1. In Å, what is the Rg of the alpha-carbon atoms in segment A:45-115, and how long is Dmax?
2. On average, how much accessible surface per residue is there in segment B:1-98, in Å², for a 1.4 Å probe, leaving out ligands, DNA and RNA?
3. How about residue B:54: which aspartates and glutamates have a C-alpha closer than 13 Å to its C-alpha, ignoring those fewer than 8 places off in the same chain?
4. Just to confirm, what accessible area per residue do you get for chain A at 1.4 Å probe, in whole Å²?
5. Measure off, as a whole percent, the carbon and sulfur share of the 1.4 Å-probe accessible area of segment B:4-114, all protein chains present.
6. Rg(Cα) of segment A:1-66 divided by 2.2 N^0.38 Å?
7. Got a sec to turn the phi values of segment A:54-69 into Karplus ³J(HN,Hα) couplings, 6.51 cos²θ - 1.76 cosθ + 1.60 with θ = phi - 60°, whole Hz, x for Gly and Pro?
8. Taking θ as phi - 60°, what are the ³J(HN,Hα) couplings along segment A:10-19 by the Karplus curve (6.51, -1.76, 1.60), each to the nearest whole Hz, with x for Gly and Pro?
Amino acid sequence: DAGVTQSPTHLIKTRGQQVTLRCSPKSGHDTVSWYQQALGQGPQFIFQYYEEEERQRGNFPDRFSGHQFPNYSSELNVNALLLGDSALYLCASSLTVTGRSYEQYFGPGTRLTVT
Amino acid sequence: DQQVKQNSPSLSVQEGRISILNCDYTNSMFDYFLWYKKYPAEGPTFLISISSIKDKNEDGRFTVFLNKSAKHLSLHIVPSQPGDSAVYFCAASVPSGAGSYQLTFGKGTKLSVIP
């Protein structure tokens, strides 16, 4: 049973650049959420995708955008990168149809460093 | 405004003894609470959850207790094993309609189980 996978593992970008992170959900899951984890902090909710639409968003600027594809995989895009965007980006998948989408399963994350 | 608080950054316990990890919350609208374990360079791993209408949930060595009046929950690990050494995150979910849930995390407690 394939778990949540993310790519790439690590990424180094320069201020002002744009980045795309990718996520494949756990087999059978239909919902993808993205979180940002800064050093020493807990994960912070960015947004959630279901049925290829963003249905919930946390307190993040419009520079953060996403997409969900028909196969349920997802991308997170960040434009105009700032030094403060350096963090571990986590993707979590869940299953909405069971009513248990609060039970979210995380991937290993992408470590983004902005210089 | 931190809605989920883990006030102990670290905890050390002898192997075989009980580990008790604590979490406090402020939002009375939270309906599910979850515990995750995180090893370095990995994503958080789901451990156990509890509904706000319950006061206890047990799964093997892990038991979560919820005290709604005190807005407090705790995770008990009995007996503790060296492999339990990790950072433990408390998380809470709020429903946002249409089966959507957003998780709010604490900052984590680093558990060290000493052989």
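1. For segment A:45-115, the Cα radius of gyration and maximum Cα-Cα distance read 12.9, 42 Å.
2. Working: 4870 Å² over 98 residues.
About 50 Å² of surface per residue is accessible.
3. Of all the aspartates and glutamates, those that pass the test against residue B:54 - Cα under 13 Å, at least 8 places apart if same chain - are B:31.
4. Details: 5270 Å² over 115 residues.
Result: 46 Å² per residue.
5. Details: 2550 of 5080 Å².
Carbon and sulfur atoms account for 50 percent of the accessible area of segment B:4-114.
6. Numbers: Rg = 13.1 Å, N = 66, 2.2 N^0.38 = 10.8 Å.
Taking N as the residue count of segment A:1-66, the ratio is 1.21.
7. 3J(HN,Hα) across segment A:54-69, in whole Hz: 6, 10, 7, 9, x, 8, 10, x, 5, 4, 9, 9, x, 7, 10, 9.
8. Along segment A:10-19, the couplings run 10, 8, 10, 10, 9, 3, x, 6, 10, 9 Hz.
The values are calculated or read from the model by the stated rules, or taken from the named source; none is laboratory data. If you're wondering where the values come from, they're calculated on a predicted model, not measured in any experiment. We work out accessible area using only protein heavy atoms, side chains counted, and drop any ligands, DNA or RNA first. Shrake-Rupley method; radii C 1.70, N 1.55, O 1.52, S 1.80 Å.
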